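Chemist: Sending over a structure as structure tokens; questions will come in a sec.
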Amino acid sequence: MSNKNEIEIDGAIGEGGGAILRLSAAYSILYNTPIRIKNIRANRPKPGLRMQHLLGLRLLAELTGSRLSKCDVGSTELLFHPETKVIKKDIKIDIPTAASIGLLLQPIQIASLGLKSHEKIILKVKGGATFGKWAPSINYLENVTYRLFKKSGLNIEINTLKQGFYPKGGAQIQCSITPPERNLDSLNLTTLGEIELIYGEIIITNQLKQNKSNIPQRIKSSIRSSLKGKNEYDLVLTEKWVDSLSPGVGLCLWAKSYNDAYISSGTILGERKLSSERLGKMAIRSILEYIDNDVPVDNYLSDQLIPLITYIEKPSTIKVLELTNHTKTNLELIKRFTKRAYKIRKEENAFFIEFY
């Protein structure tokens, strides 16, 4: 399988991880460009494809009829030749590991922008994790990422039927993606604006009910005490006790401003050496940093918005607190697929990423 028009991508560029693979496959469909990826995840302790990457690639191929070269877990090179038609609108995915569902969905949501069919796509995922390190949790996607996608014109809805944590996973979710029928609206997020309410959700598994330390209450108390003297913010904190194959705690805070910006602490996971009080403080301090610096796009959202605003024909600008490695990698890959112009400028304590 070869094509003189295919572009070659070095999987070792930038952060040299799975993001290069996910984004490259998505951009391949979005810009109808065949790709050859070498040195897959070259900068990781275990180079090559992991199960979640392999499943994501196969899912894209199954959805669109794209051609994927023979590859397996551990493969360090692959070819992907895209198609842009939806040939299967209802897909079931089984994940045998605790791979992140949020990362599995990332290339699909990007690729959907360029699909010729505008019919709803239904993805039914069994297995995997709704919470994982260095990955967006499902409640983060639902309350932050997908709300901004919808504002632009891409509708994604997700329903969590069962939560999953490392190491066993075992989650169940259903996700529907409706490719846009019209030109997408630009996103201009340059000022945060006023915030009055901060929302939070604590997901805690039933195995931890045996723990007499009352984890959710300690997290809530820590968040509230960290906000003393900041009377301008009201808190709406909820807790959900859930069934899961593995015990776990996941915390996410988010807020919507009057400018229709959404910011979040990201997802913070409970760990053995991380107290509930520390967990709460980390989350609230993270979200307050964006508020104090008038930044409307959090560090976990910026790289998710880059593919969207690159594809939008109208000018868009986002203001971020820092240029994360994932954002830099995303911007570097854009140059390989499109001539869309952008610039970055630093002002005081933040960066503006402008697409024009």
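Chemist: So in segment 174-186, with the set limited to residues that are touching a residue at least 60 places away in the same chain (Cβ under 8 Å) and surrounded by fewer than 22 Cβ atoms within 10 Å (Cβ to Cβ), which one is nearest to residue 296 (Cα to Cα)?
Modeler: Of all residues in segment 174-186, those touching a residue at least 60 places away in the same chain (Cβ under 8 Å) come to 175, 177-181, 183-186.
So of that shortlist, the ones also surrounded by fewer than 22 Cβ atoms within 10 Å (Cβ to Cβ) come out as 178-181, 183-186.
On the way: 178: 26, 179: 26, 180: 25, 181: 27, 183: 24, 184: 20, 185: 18, 186: 15 Å.
Checked segment 174-186; the qualifying residue nearest to residue 296 (Cα to Cα) is 186.
Chemist: Further question: Looking at 110, 37 in this structure, which one is assigned by TED's automatic domain parsing to the domain that holds residue 145 and assigned to a strand (DSSP E or B)?
Modeler: One residue alone meets the criteria, 37.
Chemist: Within segment 174-274, which strands (runs of 3 or more DSSP E) (wholly inside it) include 3 or more residues that are at pLDDT 95 or above, among the acidic types (Asp, Glu) and under 25 Å from residue 135 (Cα atoms)?
Modeler: Details: elements: 197-205, 234-242, 249-256, 262-269.
Answer list for segment 174-274: none.
Chemist: Looking for something at pLDDT 95 or above, buried (at least 22 other Cβ atoms within 10 Å of the Cβ) and among the polar types (S, T, N, Q) - is there at least one such residue anywhere in segment 315-338?
Modeler: Looking for residues that are at pLDDT 95 or above, buried (at least 22 other Cβ atoms within 10 Å of the Cβ) and among the polar types (S, T, N, Q), one finds at least one in segment 315-338, hence yes.
Chemist: Tell me, which residue of segment 302-356 that is in a loop (DSSP other than H, G, I, E, B) and within 24 Å of residue 136 (Cα to Cα) is nearest to the chain's Cα centre (by Cα)? Outline the logic, then answer.
Modeler: Kept after step one, since they are in a loop (DSSP other than H, G, I, E, B), are these residues of segment 302-356: 312-315, 321-324, 338-341, 348-349, 356.
Keeping just the survivors that are within 24 Å of residue 136 (Cα to Cα) gives 312, 321-324.
On the way: 312: 19, 321: 17, 322: 17, 323: 16, 324: 14 Å.
So, considering only residues that are in a loop (DSSP other than H, G, I, E, B) and within 24 Å of residue 136 (Cα to Cα), the one nearest to the chain's Cα centre (by Cα) is 324.
Chemist: With (1) aliphatic (A, V, I, L, M); (2) outside any strand (DSSP E or B); (3) at pLDDT 95 or above as the list, and residue 79 as the residue in question, which single condition is left unmet?
Modeler: Single failed check for residue 79: (2).
Chemist: Also, I was wondering about something else. Answer yes or no: is there a residue in segment 205-227 that is within 25 Å of residue 318 (Cβ to Cβ), of a type in the set (Val, Ile, Thr) and in contact with a helix residue (DSSP H, G or I) (Cβ under 6 Å, 6 or more places away or on another chain). Walk me through it before giving the result.
Modeler: Kept after step one, since they are within 25 Å of residue 318 (Cβ to Cβ), are these residues of segment 205-227: none.
No; the residues of segment 205-227 include none that is within 25 Å of residue 318 (Cβ to Cβ), of a type in the set (Val, Ile, Thr) and in contact with a helix residue (DSSP H, G or I) (Cβ under 6 Å, 6 or more places away or on another chain).
Chemist: Looking at (1) at pLDDT 95 or above; (2) in a helix (DSSP H, G or I), which one does residue 53 not meet, given that it meets all the others?
Modeler: Status for residue 53: all satisfied but (1).
Chemist: Only one of these conditions is not met by residue 157: (1) in a loop (DSSP other than H, G, I, E, B); (2) within 17 Å of the chain's Cα centre (by Cα); (3) acidic (Asp, Glu). Which number is it?
Modeler: Here residue 157 clears every test but (1).
Chemist: Further question: State yes or no: is residue 63 in the same structural domain as residue 96 (by TED's automatic domain parsing) and either crowded, with 24+ Cβ neighbours inside 10 Å or modelled with pLDDT under 95 (or both)? Spell out how you get there, then give the answer.
Modeler: Numbers: in the same structural domain as residue 96 (by TED's automatic domain parsing): yes; either crowded, with 24+ Cβ neighbours inside 10 Å or modelled with pLDDT under 95 (or both): yes.
Considered against the rule, which asks whether it is in the same structural domain as residue 96 (by TED's automatic domain parsing) and either crowded, with 24+ Cβ neighbours inside 10 Å or modelled with pLDDT under 95 (or both), residue 63 comes out as yes.
The values are calculated or read from the model by the stated rules, or taken from the named source; none is laboratory data. Computed from a predicted structure; not experimentally measured. Using ideal geometry, Cβ is built from the backbone for each residue, glycine included, and neighbour counts are taken over all protein chains shown.
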